[in-house]
There are 2 protein chains.
Amino acid sequence: MATTIKDVAHECGLSITTVSLVLNNKPNRISEKNKQKIFEAAQKLNYIPSQTAVSMKTKKTNTIGLILPDINNNYFSELAKSMEEECSLHGYTVIYGNTSDNPKKDLTYTTTFLSKGVDVLVVIHSNISSLKEQKKILELAQSTNTPLLSIDREFEKIDVSSISVDRFSGSYQAVKHLTDLGHTRIGCITGTNHSKRSSQRLQGYKQALSDAGLPFEDELVYSGDFHVESGSDAFFYLWNQGVTAIFACNDVMAMGVYLEARRANIDIPRDLSVVGFDDIFFAKYIYPPLTTVAQPITEIGYEAAQQALSMASSTHASTKSTILKTSFVLRESTAPPNIRK
Amino acid sequence: MATTIKDVAHECGLSITTVSLVLNNKPNRISEKNKQKIFEAAQKLNYIPSQTAVSMKTKKTNTIGLILPDINNNYFSELAKSMEEECSLHGYTVIYGNTSDNPKKDLTYTTTFLSKGVDVLVVIHSNISSLKEQKKILELAQSTNTPLLSIDREFEKIDVSSISVDRFSGSYQAVKHLTDLGHTRIGCITGTNHSKRSSQRLQGYKQALSDAGLPFEDELVYSGDFHVESGSDAFFYLWNQGVTAIFACNDVMAMGVYLEARRANIDIPRDLSVVGFDDIFFAKYIYPPLTTVAQPITEIGYEAAQQALSMASSTHASTKSTILKTSFVLRESTAPPNIRK
DNA sequence: CTCCTTTGATAAAACGTTTTACTCTATTTT
DNA sequence: AAAATAGAGTAAAACGTTTTATCAAAGGAG
């Protein structure tokens, strides 16, 4: 069996209390001689305190629960990484669960994590989660007195602390760049329809169009789903609509466009300009390097960690919502329109 | 405060024991009437048992610790995902830590996770971890009686259960494909030098060359580091050496080759054939789709979960090492050599 | 009427810590 | 010499469960 505090106490002929006091560096009046003895014994016996037992007393697990759709998606993995990094720096561990965008799983992970006693629950809920499900998550969190933090997306109509990104101005900038270049037929590939994130991006597209004196045309909007294939499908559709530029609501769909454009021997950016959204790792490595709207992913993760950590220690429960700015990244996938013969 | 078992016992006017027995569905002789009462009270009070307390008694946390270099690397995230999926199906949660290939962190996470009482510790240790560090990890695990599983790489000279991939035959196949096409000057971009994984791949390269009656030439091997940039650097170097084909020890470095080849207006596969290793998500979406050696990543994750779960329940401690097969994926990045003018 | 069995339920110990309040001895103060 | 103080350390309760051993009441057998 693993070494317990009792073992080290016994080893030095001192009491459990004494050992605990010394090892945790609590105010005490133990002689230097004995302190040394204790440190040595702990070392020698490979004593590792049982966090389980500690948590029992302290009501803290130093653990943060992270619920996200898909760790294999670079956007989320980057976020998870920067968040974990910051948390571990402060002695916190993160446990995570993949929901695969299944709202049922949002709930089961919530329960599991709460039962594990996470100090804070951070959730990036499924795209299609309903208001009812969101409420249930909040209710569970509250019934265990666990702070809840939503990142990347807000809880609809519920007052929950959140960290998100200004998607409207991000996509506005992207599309404005295209109108500035002189494009007049600009296609848009949206993400999952009922997603708030997606609709904010669409709003930015509309606004930029209207500011440039261009009409909004329904047939230039293709309903995608954030995956590569829908980008490919969108390409065929939009190209037939005669667009000279495409704004994709994420980089992955932009890659779908690249793929088919190349197959069809259509040159980017000469024949077709493409702008993405997210600035995932690979965006700069595809050819031509993709012009895109960068989400400050690392910063979101860092910010999330900061906020989670502060929620973990203070009981002060006012909700707070942080909105971060995107930045426009000009690379080589856009050019003035090339009138087709 | 959160609802405890005491609260629900009080609510129904029954004892703690009774509630525990019923809720855990343990053999008991409680009347149907009272069982119902208990279920209802638990529901009503949003009772979520404290896993911390449960673990105290049962000595099980239903948690698996996963230590890996970088969750933002698609190879690891895919692995982590499939592993987590399988674990959660069996009621296990995974906690994870990013080491950024820093062997010191291998150790700190080991300690943290053991102190949290993980039921199994799964580690993908840093590329550059030394034998001494590996031994320390094993020692710590043993001193807490925690089963240890190594994936993707073996512990050098230490008898630890592991799951890995037959990298030798994978790279042999890749290079044989190139010699079969008629290539005679084939470059190789290796990964981090002292990594066993990398050297196994190099062995496959050598063997395939020799089987085709070709000499092994030191100057056709470029020492990379598994990152994009080193692929780009390798391209310049190898192209000057007059190669007509390149075998990159991972897909990400192959992407570096693509990038610079395109800039230099060198057509893949007409002027240069490229084969990668791993078959990451993006391999099929770049242009031309990358011919590569697929690691059965999902399977590794699944296998890892299976083995971890079995280690968690049985005390039977014989070590076991599993080696999985790679598969060759023919896409469009290779062709017979095109003699340069 | 007494003894045994069955039914339904419970008291209490244990898990490994932290922490509060205490004890005991030796020294100093009056 | 008695009282106060300082110094060094400890006993025991508590955290929320699980589980073993036990108990009381009721019904049946003799």
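The values are calculated or read from the model by the stated rules, or taken from the named source; none is laboratory data. Since this is a predicted model, take the numbers as computed values, not measurements. Every residue, glycine as well, gets a Cβ built from its backbone with ideal geometry; the counts of neighbours run over all protein chains shown. Each accessible area value is taken on the protein alone, full model and side chains, heavy atoms only, with ligands, DNA and RNA left out. Shrake-Rupley method; radii C 1.70, N 1.55, O 1.52, S 1.80 Å.
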Practice task
Could you tell me how many degrees, from 0 to 90 and to the nearest 10, lie between the Cα long axis of helix B:167-181 and the main elongation axis, the longest principal axis, of the Cα atoms of chain B?
Solution key: 30
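When each pair of different Cα atoms in chain A is counted once in the 1/r mean, what is the Kirkwood radius in angstroms, to one decimal?
After inverting the mean inverse Cα-Cα distance, the result is 22.7 Å.
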Problem - Helix-only CD estimate at 222 nm, as mean residue ellipticity for chain B, using -39500 (n - 2.57) per DSSP H run (n ≥ 4) - result: -14000 deg cm²/dmol
Exercise for the section: Give a residue-ordered list of calculated ³J(HN,Hα) values for segment A:88-99 (Karplus: 6.51 cos²θ - 1.76 cosθ + 1.60, θ = phi - 60°; whole Hz; x for Gly, Pro). Expected result: 5, 4, 9, x, 9, 10, 10, 10, 9, x, 8, 9
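So for the protein assembly as shown: antiparallel DSSP bridges make up what percent, rounded to the nearest 5?
Around 10 percent antiparallel, to the nearest 5.
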Completion exercise
Inter-part gap, Cα centre of segment B:112-160 to Cα centre of segment A:252-324, in whole angstrom, is 35
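Could you check what % of the DSSP bridge pairs in chain A are antiparallel, to the nearest 5?
Just about 10 percent of them are antiparallel.
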Problem - Average beta carbon contacts from partner chains per residue of A:200-208, 10 Å cutoff - result: 0
Handout entry: Cα gyration tensor shape for the protein assembly as shown, rounded if a/c is under 1.5, else prolate or oblate
Key = oblate
Problem - Per-residue average of Cβ from other chains inside 10 Å of A:45-57 - result: 6
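Starting from the residue with the highest accessible area, list B:90, B:125, B:177 in decreasing order, probe 1.4 Å.
Greatest to least solvent exposure: B:90, B:177, B:125.
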Practice task
Please tell me which of these pairs span more than 23 angstrom C-alpha to C-alpha: B:135/B:320; A:6/B:60; A:57/B:37?
Solution key: A:57/B:37
Completion exercise
Restricting to lysines and to Cα separations under 19 Å from residue A:132, and discarding same-chain partners fewer than 8 apart, the set is A:104, A:105, A:157, A:196, B:44
Problem - Estimated vicinal HN-Hα couplings, Hz - segment B:271-283 in sequence order (Karplus 6.51, -1.76, 1.60; Gly, Pro = x) - result: 8, 8, 9, 9, 10, x, 8, 2, 6, 6, 2, 6, 3
Handout entry: Other-chain or far-sequence residues with amide H under 5 Å of residue B:226's (modelled H)
Key = B:192
Fill in the blank from the handout: Relative to chain A, whose Cα atoms define the longest principal axis, helix A:228-240 and its Cα axis are tilted in degrees, nearest 10, by 20
Problem - Per-residue average of Cβ from other chains inside 10 Å of A:85-98 - result: 4
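If DNA, RNA and ligands are ignored and the probe is 1.4 Å, what is the ranking of A:84, B:229, A:32 by accessible area, most exposed first?
Numbers: A:84 5, B:229 95, A:32 115 Å².
Highest to lowest solvent-accessible surface, that is A:32, B:229, A:84.
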Practice task
Starting from the Cα gyration tensor of segment A:287-326, take the square roots of the eigenvalues, sort them a ≥ b ≥ c, and report rounded, prolate or oblate (rounded when a/c is under 1.5, otherwise prolate if a/b is larger than b/c, else oblate).
Solution key: prolate
Practice task
Leaving out ligands and nucleic acids, note down the accessible area per residue over segment B:5-49 with a 1.4 angstrom probe, in whole Å².
Solution key: 69
Handout entry: Farthest toward positive dipole pole in segment B:33-150 [+1 Lys/Arg, -1 Asp/Glu at C-beta], among B:69, B:94, B:55
Key = B:55
